[in-house]
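To start, the structure under review is shown below, and the notes come after it.
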Amino acid sequence: MIGISKWDLHEKRAGGIGKLHEQADERLPQVKGVPVIGVSGLTGDGLDRLMQAVVDIHEVWNKRVSTNQLNKWLEETTAAHPPPAVSGRRIKLNYVTQAKARPPTFVLFCARAEKVPPAYQRYLVNALREHFDLPGTPIRLTLREKDNPFAGKKNKRARD
């Protein structure tokens, strides 16, 4: 969360905190949706909202999502916006799982992980944040390739 101290000295205008919230989303995209709260140590204004934000953020920070829900989300998300073809070859996203919480960390198993463009990775992270209601927390997404059990083995039919 972002706490704006000395809020009692700030002149009261409608939408003042909303503008700061928009600026935070624009300048800190890795924690989009982070709560922005004006507080005053002198008057105590905003401290109740600040403490409620702490409780809410702790809940989001510890959130776990089942692999089943994640894979349904992946199917819907890639159907709406498929991964780009790189060098004329399609990138296949196989499945996703949550490796840990604190912060929410997801592992996406796919073919040609190094070829997934950063813009598409940002799309996936933002879609995760929106779909699973994870505002204001950094989300880590790791792309991993599945091991090919046939790599390095000779094709028996090719020799025949």
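A few notes on this one:
- Of everything in region 110-155 that is under 16 Å from Lys72 (Cα atoms) and in a loop (DSSP other than H, G, I, E, B), the residue that is modelled with the highest pLDDT is Phe132.
- Of the helices (runs of 4 or more DSSP H) contained entirely in region 1-88, those carrying at least 2 residues that are touching a residue at least 40 places away in the same chain (Cβ under 8 Å) and under 28 Å from Arg122 (Cα atoms) fall at 47-61, 67-80.
- Which numbered condition Ala99 misses (of (1) in a helix (DSSP H, G or I); (2) aliphatic (A, V, I, L, M); (3) touching a strand residue (DSSP E or B) at 6+ places or on another chain (Cβ under 6 Å)): (1)
- Scan of region 118-137 for residues that are more than 21 Å from Ile2 (Cβ to Cβ) and of a type in the set (Val, Ile, Thr), ordered by number: none
- Among the candidates Gly38, Gly16, Gly3, residue that is in contact with an Asp or Glu (Cβ under 9 Å, 6 or more places away or on another chain), farther than 21 Å from Pro118 by Cβ and surrounded by 14 or more Cβ atoms within 10 Å (Cβ to Cβ): Gly38
- Hey, Lys92 touching a residue at least 40 places away in the same chain (Cβ under 8 Å) and charged (D, E, K, R) or not: no
- Candidates Thr67, Thr78: the one that is among the polar types (S, T, N, Q), out of contact with any Pro (no Cβ under 9 Å at 6 or more places or on another chain), under 30 Å from Glu22 (Cα atoms) and at pLDDT 85 or above is Thr78.
- Extreme residue, farthest from Met1 (Cα to Cα), among residues of region 98-109 that are of a type outside the set (Lys, Arg) and modelled with pLDDT of 90 or more: Phe109
- When the residues of region 96-138 are filtered to those that are β-branched (Val, Ile, Thr) and buried (at least 18 other Cβ atoms within 10 Å of the Cβ), the one that is farthest from Asp25 (Cα to Cα) is Val96.
- Here the condition is being of a type in the set (A, V, I, L, M) and over 24 Å from His131 (Cβ atoms); of Leu28, Leu93, Leu20, Leu70, it holds for Leu20 alone.
- Taking each residue of region 96-114 that is β-branched (Val, Ile, Thr) and looking for partners that are in a loop (DSSP other than H, G, I, E, B) with beta-carbon atoms closer than 8 Å, six or more apart or interchain, yields Thr105/Ile139.
The values are calculated or read from the model by the stated rules, or taken from the named source; none is laboratory data. Since the model is a prediction, treat every value here as computed from it, not as a measurement. Note that we place each Cβ from the backbone using ideal geometry, even for glycine, and neighbour counts take in every protein chain shown.
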